[in-house]
Amino acid sequence: MRELLIGLSIAAAALAADIPRLANGKPDFNGVWQRPYVPDMSRSGKNQQGPGTLPFTPRGAEIFKNYDVSKFDYTGHCLPAGLTRSMNSPFPIEIVQTPVRVAILYEAWNLFHVIPTDGRSPSKDPDPTWMGSSVGSWDGDTLVIDTVGFNDKTNLDTAGHPHSDQLHVIERLTRTDATHVAYEITISDPKVYSEPWKNNRVFTLRPDWEIMEYSCEENNKDLQEGHIK
């Protein structure tokens, strides 16, 4: 048993040594990252039940039951996708990291989100926005992004899982080796969900990629040809 534990410690140390780091010793997340498309956040890990199976409150269940994308989809009108739906998209992101802040550049909708990592506390009364108000901190080698201050104009995902202005999002990014990041997101919203729930995925570094221009309105057939009303 002792030999096994020593072997595991050596393997963990080797993996840690393989992780690129900034001059301050923190893991380096800079680069363009490929992400899996997550149109339905209820499908993650062991939870593969599908749309509508999240722990809804009665209010949340009613909102989801009445959701009809053919009547209105805000992204079809080129409004911002919101934080979680932006992170769920199949388009790449670029992370730009300094010792005091992290900026995530989303190719989808050409959105950006800036996360201070200078030790400040979360805002007590942020103005509601599409992407929310974030602060970052470190839990060992894991970057923890705490976001509040959302408006209620977006959905969590393409499947239409809703949220309210009480949405609270915790993202945890852990660089597991030279080319991968383990991503975990926790959703809390007492108006819509009876308990917090999580979704997990893995990002892959693509040094051969660059994020591209994304023009939502150009050739937008959903809107121009009346696919959505």
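Annotations
- Helix-only [θ]222 nm of the chain, DSSP H runs n ≥ 4, -39500 (n - 2.57) each, per residue, nearest 500: -4000 deg cm²/dmol
- Lysine pairs meeting the criterion (Cα under 20 Å, 8 or more apart or interchain), as found in the chain: 11
- Simple point charges give the picture: +1 on the Cβ of Lys and Arg, -1 on the Cβ of Asp and Glu, and for segment 92-146 a dipole about the Cα centre of about 120 debye.
- Options Pro126, Leu54, Ala108, ranked by Cα towards positive dipole end of segment 15-129, top entry (Cβ charges): Leu54
- Within the chain, the longest run free of exposed loop sites, counting GluC sites (Glu not before Pro) that sit outside DSSP helix and strand states (H, G, I, E, B) and have at most 10 other Cβ atoms within 10 Å, spans 1-209.
- Computed from the C-beta positions of Asp125 and Asp208, the FRET efficiency with R₀ = 45 Å rounds to 0.55.
- Where trypsin sites (Lys or Arg not before Pro) fall in DSSP loop in segment 32-122, at most 10 other Cβ within 10 Å: Lys46, Lys71
- Rounded to 10°, Cα long-axis angle of helix 2-17 versus longest principal axis of the chain: 60 degrees
- In this Cβ point-charge picture (+1 for Lys and Arg, -1 for Asp and Glu), segment 20-224 has a dipole of about 480 debye about its Cα centre.
- Net dipole in debye of segment 100-216 [+1 Lys, Arg Cβ; -1 Asp, Glu Cβ; about Cα centre; nearest 20]: 120 debye
- Taking the chain and dividing mean pair separation by its residue count, relative contact order in percent (alpha carbons under 8 Å, at least six apart): 24 percent
Rule-based calculations on the coordinates, nothing more; no lab input. For clarity, every value in this text was computed on a predicted model and none was experimentally measured. All Cβ positions, even for glycine, are placed from backbone atoms using ideal geometry, and neighbour counts span all protein chains on display.
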